[in-house]
1. Can you tell me which residue within segment 91-109, out of those that are of a type outside the set (K, R), open to solvent by 10 Å² or more (accessible area, probe 1.4 Å) and out of contact with any Ser or Thr (no Cβ under 7 Å at 6 or more places or on another chain), is farthest from V46 (Cα to Cα)?
2. So how many residues does segment 75-100 have that are closer than 30 Å to A167 by Cβ and either of a type in the set (K, R) or out of contact with any helix residue (DSSP H, G or I) (no Cβ under 9 Å at 6 or more places or on another chain) (or both)?
3. What is the one condition in (1) at pLDDT 80 or above; (2) open to solvent by 30 Å² or more (accessible area, probe 1.4 Å) that K221 does not satisfy?
4. Spot the failing condition for A62; the list is (1) loosely packed, with under 11 Cβ neighbours inside 10 Å; (2) among the small types (G, A, S); (3) modelled with pLDDT under 85, and only one is missed.
5. For residues in segment 156-184 being in a helix (DSSP H, G or I) and among the β-branched types (V, I, T), which is farthest from the chain's Cα centre (by Cα)?
6. I'd like to check something: does segment 165-179 contain any residue that is out of contact with any Gly (no Cβ under 7 Å at 6 or more places or on another chain), at pLDDT 85 or above and more than 24 Å from K64 (Cα to Cα)?
7. Under 7 Å between Cβ atoms, at least 6 apart or on separate chains: pull out the pairs that start in segment 16-28 with a residue that is among the β-branched types (V, I, T) and end on any residue that is surrounded by 10 or more Cβ atoms within 10 Å (Cβ to Cβ).
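The values are calculated or read from the model by the stated rules, or taken from the named source; none is laboratory data. Computed from a predicted model, the values in this text were never measured in an experiment. Here the Cβ positions follow ideal geometry from the backbone for every residue, glycine too, while neighbour counts run over all protein chains shown. Note: accessible area is taken over every heavy atom of the protein model, side chains too, but ligands, DNA and RNA are not part of it. Shrake-Rupley method; radii C 1.70, N 1.55, O 1.52, S 1.80 Å.
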Amino acid sequence: MEKLSSTLRNMLLSLTGICIIVSGILALVNKVTKAPIEEAQVKAKVEAISAVTPKFDNNPFAEKIRVLPEGETDSLTVYPAKMKGQLVGFAIESYTQRGFSGLISVMVGFDVLQHAESPGLGSLIPEWFHEKSETGGIRDMRGLDMKASAPLSVSKDGGKVDAITAATISSRAFLDAVNRAWSVFKYVQDPEGSKASGNKSSDSVSSATVSTAESANSETKS
């Protein structure tokens, strides 16, 4: 086979051919891995939803909606939990940009009928905020009456929430995410009433459970 001469034209043709081959390989890999990755992501979301809401028999992930909080630029995803067709709670995927290392994402559960205990998922935030306060302040978020407590802030900022020891920045960031989720929850409960009364919540809902949904620095898009 005759060797191609090292001309600019031949080099460009060779590079083009290589790019086409590489692009084809990448497209094939993406096609093969896309479904398993998406399936794993959905499974992780459903597990997080289950951790922060009462038992449900619907598919909250399939019924999810996007809500843009007033004054915000990014929408939050709301997952309605239902039992026998009746709404029992919401799981809201919230976030904060105020973490010490950047973005923190959490799944916040708001119960319509009862509160659900959400187990720790191995990170410091749910472990700390699932324990009883030793100072008489707010620490255990499970079943917290948000109507009476919101907006939440740490004691150093004049609030009633016990900050994580030596991690005030992370505590503030976590509460920022919870407050953001609360504002969206009030809106989905009563969109018109929320606008008219300054985001006043429904009297039928009072408690919240909290659990981390994704690791820090994950991406949240509107």
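1. S101
2. Matching residues across segment 75-100 total 1.
3. Condition not satisfied by K221: (1).
4. (3)
5. The selected residue is T168.
6. Yes, the conditions are met somewhere in segment 165-179.
7. none
Every residue, every condition in (1) among the small types (G, A, S); (2) crowded, with 20+ Cβ neighbours inside 10 Å, yes or no:
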{"position": "V42", "(1), (2)": "no, no"}
{"position": "N58", "(1), (2)": "no, no"}
{"position": "S75", "(1), (2)": "yes, no"}
{"position": "V78", "(1), (2)": "no, yes"}
